[in-house]
Amino acid sequence: MKPGRISAITAAGVMAAGALTVFAGTGTASASAYSNLCVDSTTGYGTQCIDSELGIGQWIITLPHGTASLTNWTYPTGSSPAAIQQADNVNFCLQVDETGPDSGPANFEVIGAKCVGDAAEQWLNVYDAGAKRTLFESVWALDNVDETLCLEYGPGSGDPAGLFAVPCEFGANSSFWEQQWGTS
C-alpha cells in the first residue's frame, strides 16, 4: 500500500495525517488537509488525478500523478455530505450535470461549477473495505435516481475522458479501480 492513500490505516486504527476518513458514520463532514484526488489504473492509464484546468461549466480532465501544478482538493471526510472543492477556498466544485450531453438515466457527467451548496455538488465519503479505497457517492443521485451513483474516472468504463456519476461498485478489489479514490 502506498503512503498517502485514502485507505492508509495504521494497526491501531489511527488515520494517516491528511487522509480521508475511511469509515462511513465516523465524524462530521469537514475539509481535510488538501491533496490530489487520484485513481490507480490497473489497465494501462497509470495514476490519474482530477484537475480543474478547463474551468466553470466544463467537463473535468485528469492528468497523470506527478504532473506539475495538479489541482489540490478538499473533500468530505466523515458521514455527512460535503463538496469536493478546489483547495484554498477557490469557488470551484465537482457537480453532477443532469442535463449534460453524455448524461442519461444512470450515467451523468460531472463538471466544474461555482460552489453553491446544492445537492448536485454534495458527496458522501464511503469506505469500500473490499478495495480498501474511498468511493464518493452523489447526494443528488440519492434524491433523484433509483441507484446509488459514485464518482468515476471515465475511460475505464468505456466513456470519453472525464468524470462521471455511475452505479457504485463496492467490494470489487481493483476490478472497478475507476471509482476507487486516493491521494496518489
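The values are calculated or read from the model by the stated rules, or taken from the named source; none is laboratory data. In this text, all values refer to a predicted model and were calculated from it rather than measured experimentally. As a convention, Cβ positions derive from the backbone with ideal geometry for all residues, glycine included, and neighbour counts pool all protein chains shown.
The strands (runs of 3 or more DSSP E) found entirely in the range 68-151 that carry 1 or more residues being under 18 Å from Asp51 (Cα atoms), in contact with a Pro (Cβ under 6 Å, 6 or more places away or on another chain) and not acidic (Asp, Glu) are 122-128.
For the range 49-59, the condition of being among the hydroxyl-bearing types (Ser, Thr, Tyr) and closer than 21 Å to Arg133 by Cα holds for none of the residues. When Cys49 is tested against (1) modelled with pLDDT of 85 or more; (2) in a loop (DSSP other than H, G, I, E, B), only condition (2) is not met. Within the set Gly44, Gly117, the sole residue that is free of Cβ contacts under 8 Å to residues at least 24 places away in the same chain and surrounded by fewer than 21 Cβ atoms within 10 Å (Cβ to Cβ) turns out to be Gly44.
When the range 121-150 is filtered for residues that are small (Gly, Ala, Ser) and out of contact with any strand residue (DSSP E or B) (no Cβ under 7 Å at 6 or more places or on another chain), the ones remaining, listed by number, are Ala129, Gly130, Ala131.
Total residues in the range 125-153 satisfying the condition of being closer than 26 Å to Leu63 by Cα, among the small types (Gly, Ala, Ser) and crowded, with 23+ Cβ neighbours inside 10 Å: the figure is 1.
Matching residues to (1) under 18 Å from Ala120 (Cα atoms); (2) surrounded by fewer than 17 Cβ atoms within 10 Å (Cβ to Cβ); (3) acidic (Asp, Glu); (4) modelled with pLDDT of 90 or more:
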residue	(1), (2), (3), (4)
Met1	no, yes, no, no
Arg5	no, no, no, no
Leu20	no, no, no, no
Ala24	no, yes, no, no
Tyr34	no, no, no, no
Ser69	no, yes, no, no
Thr74	yes, no, no, yes
Asn89	no, yes, no, no
